[in-house]
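This report concerns only the one structure given below.
Bear in mind these aren't lab numbers, they're just calculated from the coordinates by the rules spelled out. Here the structure is a predicted model, which is why all the values come from computation and not from measurement. Every residue, glycine as well, gets a Cβ built from its backbone with ideal geometry; the counts of neighbours run over all protein chains shown.
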């Protein structure tokens, strides 16, 4: 097999470490678009984990040479030189359900799970709502809808937009992507 | 100046058709190939925003 890219090596190392720890994790963010028909360049690794695993994962990341630059009940950010890993901690029913239902893939980086396209839209909508300057998240939502229009569970997608009071945005996106 | 219909025709002239290559490859391998090419281009990535873990979390 050809040598992995720099990001690929970082994912391989991280996925190997988390699988050895035996914790459940799932890709979210730009990397998670990949099996859902949207492939784009990205610099960051974003993972959803159960909040009960946060301390064990923190220890593992420190051993790998990362340092924690932010940690709250909902999210953690780790840096190692110019490499970054971001975590969302699932502790509410919706996020725990998305983590439990993430599909497994065997990839060049190892065996990993990826959140559903509906769940990804939900997380990206949450990020966009928290920081409207994150235009990449809006572009990703649009791309996911366009690429998966015929298979998306629209009831689930509508529920996420309702949760964030953004139903009008969904209608706009659906009109855009017809 | 109002563009003539001839100008508009030039601007809107044939831009090709939208097609996608057949998706027979492992998408993660395709992503890694893309990132390998980007490595070779020595990218200067945009600054990361701070506070990615801040805000209201409802999920």
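Taking a quarter of the surface of the Cα convex hull of region A:1-71 gives a mean projected area of 5.7 nm². Direction-averaged projected area, Cα convex hull, region A:99-178: 6.0 nm², rounded to one decimal.
If both residues of a DSSP beta bridge must be in chain A, then about 75% of such bridges are antiparallel.
The helix-only estimate of mean residue ellipticity at 222 nm for chain A, built from DSSP H runs of length n ≥ 4 each weighted as -39500 (n - 2.57), is -14000 deg cm²/dmol after division by the residue total. Expressed as an acute angle from 0 to 90° and rounded to the nearest 10, what is the orientation of the C-alpha long axis of helix A:54-63 relative to the principal long axis of chain A? Here the helix axis deviates by roughly 50 degrees. Mean sequence separation of contacting Cα pairs (under 8 Å, at least six apart), scaled by the length of region A:116-178, corresponds to a relative contact order of 37 percent.
What whole-number value in cubic angstrom gives the convex hull volume per residue for the C-alpha atoms of chain A? Before the final figure, lay out each step's value.
Numbers: hull volume 22.2 nm³, N = 178.
Value for chain A: 124 Å³ per residue.
Neighbouring Cβ atoms from other chains, within 10 Å of the Cβ of residues in A:137-143, number 0 on average. Between 0 and 90 degrees, the angle of helix A:6-21 with respect to the longest Cα principal axis of chain A falls at about 80 degrees. Label zone (residue B:17, point 7 Å along Cα-to-C-beta; backbone nitrogen cut-off 12 Å) within region A:120-160: none. On the basis of the beta-carbon distance and an R0 of 41 Å, residue A:41 and residue A:63 show a calculated FRET efficiency of 0.90. Legend: mean number of C-beta atoms from other chains within 10 angstrom of residue C-beta atoms, peptide B:32-45, equals 5.
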